[in-house]
Structure formats: structure tokens, C-alpha cells
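Only one structure is covered here, and it is reproduced in the block below.
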């Protein structure tokens with residue numbers, strides 16, 4: 001089950017104390033703090049990506065290409081060079097201006 005982060009909504013509308021709750025995805029968002037009863041809102045968090053151990057293979061350009069992804073890396077000011085997959089060899093800032 002995912003862990004969600006909530007924050008208490010202060011009287012002036014700013015965010016206050018934050019806390020985590022393990023909930024099913026099908027459950028409704030909390031509206032009140034489970035202990036204090038104060039109003040809360042859910043905070044959107046970035047997804048955690050494992051890049052250590054066996055997770056390193058996902059960063060390998062050959063693996064990305066085998067899964068149908070195209071990867072570009074910055075090679076200059078506004079210029080990107082393809083390192084994996086299909087598509088143009090280079091992308092320059094001027095091409096899409």
C-alpha cells in the first residue's frame with residue numbers, strides 16, 4: 001500500500017505540520033487529522049526511483065533502447081545528442097524555436 005503525505009491547514013490557509021499515512025489507493029483522502037481533528041490536505045510527492053543495485057540496469061542506454069525508449073543527453077548549449085533508441089541523432093534548440 002502507498003504512503004501518502006498530508007499537512008495540516010492553518011487558519012490562514014498556509015501549510016502546517018506534515019505527517020504520513022499508509023492507505024489503499026481506493027480510499028478517499030483524509031479531510032481531518034486522525035488525532036487532532038484539524039483540517040488537512042494531501043501533498044503530492046515525487047515518486048521514489050531505485051537507482052542502486054539491480055536498478056542501475058534501467059539507466060543503461062542499451063536497456064532503455066530495448067524497451068522502446070529514446071534517450072538524449074545534453075551535449076552543448078541547447079543541443080542534445082541521442083545515446084539510445086530511435087529518432088534524430090541530435091536535437092538543437094534552434095530546430096524547435
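Any read-out appearing in this document is the output of simple, stated calculations on the displayed coordinates, not a laboratory observation. What you see is a predicted model; the values in this text were computed from it and never measured.
Most mobile of 84, 48, 28 per a Gaussian network model of the chain (Cα springs, under 10 Å)?
28
Pairs of alpha-carbon atoms within less than 8 angstrom and 6+ residues apart define the contacts here; what relative contact order does segment 3-43 have, in percent?
Numbers: 62 pairs, mean separation 19.1, N = 41.
Relative contact order here is 47 percent.
At q = 0.19, 0.24, 0.30 Å⁻¹, work out log10 I(q)/I(0) for segment 53-96 with the Debye formula, treating every Cα as an identical point scatterer and leaving solvent out; two decimals please.
One equal scatterer on each Cα of segment 53-96 leads to -0.59, -0.79, -0.99.
Wrap a convex hull around the Cα atoms of the chain, take a quarter of its surface area, and give that in square nanometres.
Values: hull surface 44.6 nm².
Spelled out: convex hull of the Cα atoms, projected over all directions, averaged, 11.2 nm².
Tell me the relative contact order for the chain as a rounded percent, counting alpha carbon contacts under 8 Å between residues six or more apart. Show your work: numbers first, answer last.
On the way: 132 pairs, mean separation 16.5, N = 97.
Averaging sequence separation for qualifying contacts and normalising by length gives 17 percent for the chain.
What is the projected area of the convex hull of the Cα atoms of segment 3-43, averaged over all directions, in nm²?
Approximately 2.7 nm², given one-decimal rounding.
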